[in-house]
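Structure first, commentary second.
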Amino acid sequence: MRPATLPGMTSTVHVSLVVRSTADLLAAVPYLLGFHPADSVVVVALRGTRIVFLARGDLPGLPAASEPPGDGLGEAAAELAAVVARQGVHATMVVGYGPAARTTPMIDALIVALGEVDLPVLEALRVTGDRYWSHVCGDPVGCPPEGTPFDASTSQFAAAATFAGQVALPDRDTLVRQIAPVGGSARRAMREATRKAEVRLRDLLGRAPAADALNQRTVWRAGRAAVRLALRRHRDGGQLTDDEVAWLSLLLVHLPTRDDAWRWTGGEEWHLTLWTDVLRRAEPDLGAAPASLLAFAAWCAGQGALASVAVDRALEAQPDYSMALLLAEALRVGIPPSILDDWAEVARSACDRSDD
C-alpha cells in the first residue's frame, strides 16, 4: 500500500509515524482510536498521504429471519460515509473487525456509500482473529482466501507509536473505566467533602446581599474563583484536594460557572487531566458538568473516543443536559474541532489572566 503518515507526539517531541504496509495500518488503527476495536467498522480518511480522521461504528447485528438481508446497512453506511465526507478528505481505507457474517456486508455497503460521496476506497479489510482479508485484492497469491496472518504487536509501527506517546487500550470498556467514579475510601472521603461543601454553600447564600437577586452574583464570584484555582493548580502540575473538588463540582451546577469553565477549556493535556480528575472524584449525580467539560477538552484534542465516553457519562448523570447533547451531536455528525482553531490560545490567555 502507499505510505501514509499520521501525527504522534509526546509532551516535548513531535514526530510523524509512517504507515507503509497493511500490517502497519492494522497496528495504527488502535493507536488512532485509543483502544483496540471489536465488532466495529472503521473508516480511515486521508488528505493527500496523511491520515487525518477516523470514524468508527458498531457492527449491526445479524438480521432476524423475517428481515431482508442487509436491511438497514445502507442507511448506516451512508451516515458514516457522510461523516467522513464532511472532513474534506481525498480517499479512505475501511477496516471491519468481527466475524465474516457481520463484517462483510457492512464493508461492502460502506464501499458503495463512500463511492456515492466521491471518496475512493484504497483498501478494505476484514479482520477476524489474527488474520485479515482484503475486499479489493483479486490476487489469490498475495491475498490468499484463507486470509493473511498478522501480529500487530510486533509491528515496528507499534513500537514507534509507543515511543511517540500514543496509547492503545485493550478495548473501549477500559476507556470507560478510566473515567469511572472512584470507589472505596476515596468515594467515602468525597461524600463527606461534598456534604461539607453543601453546608459551605448554604452559609454563603445566607450571607448574600439582599440586592443580589436569586444569589446569582454571589454564586458566580465563588464559582469563578473555584474555576481559576483549578486551572492554575493543574496548569502547574498539581491536583485539587477533596474539599476543592467537592466545592467546584457543586458550583459547576450553576450554569454561568460551568460556562466560565467551558470558555477557558481547550485540548491541552492538563485540561484533560483536570476534568478527568474532577469527574472521577465528584459525586456521580454532579457529573454532568465535569463530564461535558472533559468531552469538550477531548474533542478539542482530537480524542474522539474519550469525548464519546465522557458524553455518555454526562448523559447518564442528566439525560437532558444541553451541553452534552450538543457535543453528542457534534461527534455524531463529525464536526471537526478545527472550527475552534483559536480555542487553545484563548485558554492559555485565560490561564495567564487567572493569575491576576
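Between residue 241 and residue 217, the C-beta separation translates, for a Förster distance of 25 Å, into a calculated FRET efficiency of about 0.45. Report the relative contact order of segment 182-249, percent, no decimals, based on alpha-carbon pairs under 8 angstrom and at least 6 residues apart. After rounding, I find 44 percent.
In plain terms, the residue of 116, 283 with the fewest other Cβ atoms within 10 Å comes first and the most crowded comes last, giving 116, 283.
For segment 197-205, putting each phi into the Karplus relation 6.51 cos²θ - 1.76 cosθ + 1.60 with θ = phi - 60° gives couplings of 5, 5, 5, 4, 5, 4, 5, 4, 5 Hz, in residue order, rounded to whole numbers and with x for Gly and Pro. Seen from residue 291, the other residues with C-beta closer than 13 Å to its C-beta sum to a net charge of -1, counting Lys and Arg as +1 and Asp and Glu as -1. The slack between residue 38 and residue 269, meaning 0.36 nm per residue of separation minus the straight C-alpha distance, is 80.4 nm. Fewest-first ordering of 58, 108 by other beta carbons within 10 Å of each residue's beta carbon gives 58, 108. Hey, how much of the P(r) for segment 179-353 falls beyond 20 Å, as a percent of Cα pairs? Pairs farther apart than 20 Å: 51 percent.
Where a number appears in this text, it was derived from the coordinates with a stated rule and is not lab data. Not measured: the values here are computed from a predicted model. Methodologically, a virtual Cβ is constructed for each residue, glycine included, from the backbone with ideal geometry; neighbour enumeration extends over all protein chains shown.
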